[in-house]
Amino acid sequence: MEHQDLGFNSLLVHAGGVEDALMSAVTPIYQTSTFRFHNADHGAACFSGEDDGYIYTRLGNPTIADLERTLAILEKGFGGIATASGMGAVTTVYMGLLGAGTHMIGHEAVYGPSRVVMESLFKRFGVESDWFDTSNIELVARHIKPNTKLIYLETPANPTMVLADIRAISEIAHEKGIKVCVDNTFCSPYLQNPLELGADIVLHSMTKFINGHADIVGGIIVTKTEEDYKNLRSVMINMGPNMDPHQAWLARRGLKTLALRIERSQANAMKVAEFLENHPKVAWVKYPGLKSHPQFDLAQKQMQGPGAMISFEVKGGLEAGKKVMDNVKLALLAVSLGGIETLIQHPASMTHSKMTPESRLRAGITEGLIRLSVGIEEAEDIIADLEQALEKA
Ligand code: LCS
């Protein structure tokens, strides 16, 4: 069947694939760095593009291509570009769209390194950037300059759970010929499709929900147009943050159960968020599934579900929060997110520690903010674990 006729779970299982002479049911791992040519003319034709045969794994590989095609279908884009890590995807987009004398706008609370790499490394090469609260559309419009080339959103944002209105911002951007890129890591294509909402490029850390099993690092970019695809693929293959075939195979395997895993972890997250919101020792909770989330209506409109990420603060701030993190027994005290196991971490001293304290505070990343990635365990066990840890706070 054509993929247009298939529902999401069917695509997770059947999209992509390779035509393999031995008819293997699962895409094999083509663990090879290079591919043989039939003869010299064939090699030349592969290089000139007359023949679409594989050449060399940095340029393309059947196992990686299977994953790239699948993500392009799920995100409803033209093509996918897999990278060695989520940061490989972020920096490929920056390299492809920006240069000396250009300017970008980003949400103030993105994954720490996505901002830090721009404000340190890319700044050295003459790229300007402004980071502020993109949930405020007027602020976005006001910060656009004649040399603005990119608006970079992360929604929900890591770790503040602030949302950006992808459709409204894309409209403003496109009037000025500016590209919009959305980091969709917190949602996965199951919960949000930025390209359908108007964005030009979507990217993910595949390390998270897409792979889902906390056993690989990886990234993916999907573009809406062929032009952006060609540009970013050329950056990727020349810079070299390519994925490895084995890594791609694991990600494609993990992806098959994406919807099942998210349904389960999201149902757990809703229960955990309600538990935290009603707990006397908890100062505040941010979860897009709670009516108390300031952008609950936008979440309902833009996302197909609130996801499995929660941020909260214990009364008593960091000292009290540390007691919770040091006393959990089921949840793992670890960074990363989107896996089957519940993880807890402290952004100000961990994932976002390289931001300046001023930028962190302005972005709403308080010293006491704790981030929870809710897994697929029994909700009762996750709640009991947090309850006993909160008792010690
Ligand atoms: N984008 C988002 C939203 C992320 O959360 C991360 C990693 C990245 C991009 C980068 O992806 P990576 O290169 O690690 O595959 N986020 C992490 C986090 O919150 N804890 O540890 C890693």
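The values are calculated or read from the model by the stated rules, or taken from the named source; none is laboratory data. Small disclaimer: the values here were computed from a predicted structure and weren't measured. Note that each Cβ is placed from the backbone with ideal geometry, even for glycine, and that neighbours are counted across all protein chains shown. Calculation scope for accessible area: heavy atoms of the full protein, side chains included, ligands and nucleic acids excluded. Shrake-Rupley method; radii C 1.70, N 1.55, O 1.52, S 1.80 Å.
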*Which distance in nm do the two modelled labels at Leu260 and His246 give, with both placed 7 Å along the Cα-to-Cβ direction?*
2.5 nm
*Pop the C-beta distance of Asp51 and His3 into the FRET formula with R0 = 25 Å and round what comes out to the nearest 0.05.*
0.50
*So how do Met303, Met87 rank on accessible area, 1.4 Å probe, biggest first, that is with the largest at the start?*
Met87, Met303
*Round to the nearest 10 and give me the degree value, 0 to 90, for the angle of helix 166-175's Cα axis relative to the longest principal axis of the chain.*
50 degrees
_DSSP-loop trypsin sites (Lys or Arg not before Pro) across the range 1-101, with at most 10 other Cβ within 10 angstrom_ = Arg36
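If a/c stays under 1.5 just call it rounded; otherwise compare a/b with b/c (prolate if a/b is bigger, oblate if not). Do that for the range 258-391, with a ≥ b ≥ c from the square roots of the Cα gyration tensor eigenvalues.
Here the range 258-391 falls in the rounded category.
For the chain, what does the helix formula give at 222 nm: sum of -39500 (n - 2.57) over DSSP H segments with n ≥ 4, over the residue count, nearest 500 deg cm²/dmol? Don't skip to the end; give the middle numbers.
Details: 14 runs with 146 residues, N = 393.
Here the helix-only value at 222 nm equals -11000 deg cm²/dmol.
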*asked:* Compute the helix-to-body angle for 62-74: its Cα long axis versus the longest principal axis of the chain, expressed 0 to 90° and rounded to tens.
replied: 60 degrees
*For the charge dipole of the chain, defined by +1 on Lys and Arg C-beta atoms and -1 on Asp and Glu C-beta atoms about the Cα centroid, which residue among Ala45, Phe78, Gly307 has the Cα displaced farthest towards the positive pole?*
Gly307
*Counting only protein chains, not ligands or nucleic acids, how are His42, His174 ordered by accessible area (probe 1.4 Å), most first?*
His174, His42
*GluC sites (Glu not before Pro) lying in DSSP loop within the range 48-136, provided at most 11 other Cβ fall within 10 Å*: Glu50
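For the range 205-244, which whole percent of the accessible surface, found with a 1.4 angstrom probe, sits on carbon and sulfur atoms? Intermediate values should be presented prior to the final figure.
On the way: 790 of 1560 Å².
Answer for the range 205-244: carbon and sulfur cover 51 percent of the accessible area.
Can you sort Leu332, Leu6, Leu372 by 1.4 Å-probe accessible area, starting with the largest?
Details: Leu332 85, Leu6 45, Leu372 0 Å².
Order by accessible area, largest first: Leu332, Leu6, Leu372.
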_With Cα atoms, 0 to 90° folded angle of helix 226-239 axis to the chain main axis_ = 90 degrees
*Note down the magnitude of the dipole of the chain about its Cα centre, charges +1 on Lys and Arg C-beta and -1 on Asp and Glu C-beta and zero elsewhere, to the nearest 20 debye.*
840 debye
*Roll a 1.4 angstrom probe over the protein heavy atoms and tell me the percent of accessible area of the range 258-391 that is carbon or sulfur.*
56 percent
_What number comes out for accessible area per residue over the chain if the probe is 1.4 Å? Units Å², please._
43 Å²
*Counting only the backbone N, which residues of the range 257-277 are under 18 Å from the spot 7 Å out from the Cα of Ala384 toward its beta-carbon?*
268-269, 271-273, 275-276
*At a probe size of 1.4 Å, how large is the accessible area of His143, to the nearest 10 Å²?*
50 Å²
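Which of rounded, prolate or oblate describes the range 153-230 when judged by the alpha-carbon gyration tensor and an a/c cut-off of 1.5?
Oblate shape, in that a/c is at least 1.5 and b/c is the bigger or equal ratio.
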_Show me, for the range 207-219, the HN-Hα J-couplings you get by feeding each phi into the Karplus relation (A = 6.51, B = -1.76, C = 1.60, θ = phi - 60°), rounded to Hz, glycine and proline as x._
3, 9, 4, 4, 7, x, 10, 6, 10, 9, 10, x, x
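Using Cα-Cα distances under 8 Å and only pairs 6 or more residues apart, what relative contact order does the chain have, in percent? Can you show the working numbers first?
Working: 792 pairs, mean separation 68.1, N = 393.
About 17 percent, as a whole number.
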*Between His42 and Glu196, what length comes free when the chain is fully extended (0.36 nm per residue of separation minus the Cα-Cα distance, one decimal in nm)?*
51.5 nm
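Is the range 1-104 rounded, prolate or oblate when judged by the Cα gyration tensor, a ≥ b ≥ c being the square roots of its eigenvalues, rounded requiring a/c under 1.5 and prolate requiring a/b larger than b/c?
Details: a/c = 2.07, a/b = 1.10, b/c = 1.87.
Because a/c hits 1.5 or more and a/b fails to exceed b/c, the range 1-104 counts as oblate.
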*Express in Å², to the nearest 10, the accessible area of Lys281 obtained by rolling a 1.4 Å probe over the protein heavy atoms while all chains stay in place.*
70 Å²
_Whole-percent carbon and sulfur share, accessible surface of the range 11-79, 1.4 Å_ = 56 percent
